[in-house]
Amino acid sequence: MIPLGVDRASRNPPVVTHILLLTNLLVFAITWVAARSAPGAASAVDSGVFIPQWPAFAAHPWTIVSYSFLHDPASVWHVAFNMLFLWVFGRAVEGRLGPFWYLTFYLAACIVAALGHALVSNAGVIGASGAVAAVTGAFAALFPRARVRVLFLFTIMEVPGLLLVGLFVFIDVLGSFGLTRGMGGRVAYSAHLAGYAFGLGVMLTLLGFKLLPRTEFDLFFIAKQWRRRQEMRRVLAGASSPWRRDALRTAPATEAPTQPSEPSPAVAARELAAANESWTRGDFAKAASSWEQFASRHPSHPDSDGAQLLAAMAYTRKLADPQRAKRILNSLLTRLPAPSAVTRESARALVTEIEASRPADLT
């Protein structure tokens, strides 16, 4: 799969990414011409190769960074693929880090990738692959849900960013064990893997300590959403629902049957499933509206209260409409007969969350 673009464009011009692209291409052009016109030029190129052996490195310490700006002058594909990946993923990462920190991150990635290669090989290494792998790993941490356009078997398709990066890592892991020799020649797989680990680790650290502002696109948000979905599934999972258990446990033995005017249980189940599916797809407005309608159409259903709570949660945390959420919650809390204890506790907690949050903090 060859990446062509992503749906997460930088708001500001990716100046550093463009400078890195031009620098790599310029150095490649110089070495390509030198290799064909000057018989002794190879020695000048060799002075930039990183050789993980102490005498060689001590004589040329700059090579721990300079190697990443050199590419095989015998083939344009080496530099072409590296620069394509840098252009596709680097712009979005630079947009999140800013030019200065992005450049710092990139140069540090060059060093880490070189050290990763040095752990398993004494052979010289050139190419930006390790640093680009770090940028790709950073992209996976910052934009796991981004859609990446790829060329696959003469067809352009979109795949999730996290899945695509995971595939690249898997291929490099296989390569590190010598299982992909038929896919290419000499490849410093260990430098790639060190780059992926560095990029992913640095971004998760920055996000974890909130040194980098979190957004609704990063891995931490994905984990948070996963926990919320698990909670919602438990709420709406029939007998496992806390509202349903409490309602059934506290309901009087002589409770009247469902009114004939209400739709059948089968219809209720379909409507509830459709609302949950809308949430899963990310259509939060439709999910909230569907949960409201479900509660209105099926007032005696065991999950009616839970649906109202979920609608209020969606309006609060996803749709930035706390006033509508409060109307739903107030109606639920003032209703007679009173809802179950679990429902009242959850509704009051959400009201407290709304009142404690400023409008700008609602997501």
Margin query: Against the condition under 30 Å from the mean Cα position of the chain (by Cα), modelled with pLDDT under 85, of a type outside the set (S, T, N, Q) and surrounded by 13 or more Cβ atoms within 10 Å (Cβ to Cβ), how does LEU310 come out, does it pass?
Written below: no
Notebook entry, point to check: Pick from THR280, THR316: which is of a type in the set (Ser, Thr, Tyr), within 33 Å of the chain's Cα centre (by Cα) and modelled with pLDDT of 85 or more?
Noted result: THR316
Notebook entry, point to check: Out of (1) modelled with pLDDT under 90; (2) part of a strand (DSSP E or B), the odd one out for LEU151 is which?
Noted result: (1)
Check: Of the residues that sit in the stretch 64-115 and are surrounded by fewer than 17 Cβ atoms within 10 Å (Cβ to Cβ) and among the small types (Gly, Ala, Ser), which one is farthest from GLY201 (Cα to Cα)?
Finding: ALA74
Checklist line | The lone exception for MET157 - which of (1) at negative phi; (2) buried (at least 20 other Cβ atoms within 10 Å of the Cβ) it fails | finding: (2)
Item checked: Odd one out for SER264, checked against (1) surrounded by fewer than 17 Cβ atoms within 10 Å (Cβ to Cβ); (2) of a type in the set (Ser, Thr, Tyr); (3) at pLDDT 85 or above -> (3)
Checklist line | the stretch 34-59, residues that are modelled with pLDDT of 85 or more, in contact with a helix residue (DSSP H, G or I) (Cβ under 8 Å, 6 or more places away or on another chain) and in a loop (DSSP other than H, G, I, E, B) | finding: GLY48, VAL49, ILE51, PRO52
Item checked: Counted residues, the stretch 116-131 - those being in contact with a strand residue (DSSP E or B) (Cβ under 9 Å, 6 or more places away or on another chain) and buried (at least 22 other Cβ atoms within 10 Å of the Cβ) -> 3
Margin query: Being in the same structural domain as ALA268 (by TED's automatic domain parsing) and crowded, with 22+ Cβ neighbours inside 10 Å is true for just one of ILE328, ILE354. Which residue is that?
Written below: ILE328
Checklist line | Check on SER241, at pLDDT below 85, surrounded by 13 or more Cβ atoms within 10 Å (Cβ to Cβ) and among the small types (Gly, Ala, Ser) | finding: yes
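The values are calculated or read from the model by the stated rules, or taken from the named source; none is laboratory data. Remember, predicted model here, so these are calculated numbers, not experimental data. Glycine gets a Cβ as well: all are built from the backbone with ideal geometry, and neighbour counts include every protein chain shown.
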